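First up is the structure itself, then whatever we jot down about it.
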Amino acid sequence: MRIRLLGGLEITSPERRPVRFATRKTSLLFAALVLAGRRGHRRELLSEAFWPGRSNGQARNSLRQALVDIRRSFPTSKDATVYIDGDQEAIALIAGPDDADISIFDRKLEDGRVADLAYAADLYRGGVLAGEAIPEELDEWFGPYLDRYQRKALQLVDRLSLALPIPGSAEETACEGLAERLLASDPTTEAAHRALIRIHAQRGHENAALRQFELCRNALRKHLDAEPEAETSSLAASLQSRERIGYQRPGPSSGVVSLPQVLSVPARHDD
């Protein structure tokens, strides 16, 4: 069983067949239950949020029909790893720790090792339910989840870029991919720009790192009429200083070569 919410809703059965529900509203209800986890939701809140404008009886009936549709694909049995559980007051989706991508994503972030962070980076194919048409009446319901996982992705790309091992590692590839996906969604994402700047610098490509900073600055000016954050500007300044030192040549009357100073950017072993 695989349930994917990051980058769009995608459900695959244990037999590797795609699972689809009768209506878009049922699909979004399923996503809401996945996000809630074992704590679930009160039936009354679900019916009011998903079927506003209807009488209480009509809304609860629509909820029951949607749950019947979900149960067809996830029947309750002793062998089931994903199933609906609840009573007349509340309802929850019970799933194993490895059935939903957001569960694995959160666990890897909590574990915090570099390999775990890289695994989480690969899982983040986009925002929660990215590409799904969410009705306006459900914006308030899903908005906090969208914001929460967006923040987690930004924190992740920063954390991972600061903890990368040697250039060319799988962790570096995962970090680079995450940064590029974040920028494809929003070119003003400074955390992603900083990650790519650090990756270029670690590879010894200072010019590419400085070009990334210029892309960041131009995007912020164009879309937000803003300047880079202090952290981003400081990173670029340290690279510019590093580049000047790297290409410094002794003058005609000088008999010495200036020694490079220690800078606050990741350095290669041969620097």
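The values are calculated or read from the model by the stated rules, or taken from the named source; none is laboratory data. These figures come from a predicted structure and were not determined experimentally. Every residue, glycine as well, gets a Cβ built from its backbone with ideal geometry; the counts of neighbours run over all protein chains shown. Note: accessible area is taken over every heavy atom of the protein model, side chains too, but ligands, DNA and RNA are not part of it. Shrake-Rupley method; radii C 1.70, N 1.55, O 1.52, S 1.80 Å.
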For the range 1-17, pairs from a residue that is farther than 16 Å from residue 97 by Cα to a residue that is surrounded by fewer than 14 Cβ atoms within 10 Å (Cβ to Cβ), with Cβ under 7 Å and 6 or more apart or across chains, are 8/131
Filtering the range 179-193 for residues that are touching a Leu at 6+ places or on another chain (Cβ under 6 Å) and in a helix (DSSP H, G or I) leaves a count of 3
Reported set for the range 142-178 where residues are open to solvent by 50 Å² or more (accessible area, probe 1.4 Å) and either of a type in the set (Val, Ile, Thr) or within 25 Å of residue 51 (Cα to Cα) (or both) is 144, 146, 147, 148, 166, 173
In the range 1-25, anything part of a loop (DSSP other than H, G, I, E, B), of a type in the set (A, V, I, L, M) and at pLDDT 95 or above is listed as 5, 9
Within the range 33-64, of all residues that are closer than 20 Å to residue 134 by Cβ and free of Cβ contacts under 8 Å to residues at least 12 places away in the same chain, the one most open to solvent (accessible area, probe 1.4 Å) is 54
So is residue 104 free of Cβ contacts under 8 Å to residues at least 40 places away in the same chain and β-branched (Val, Ile, Thr) or not? yes
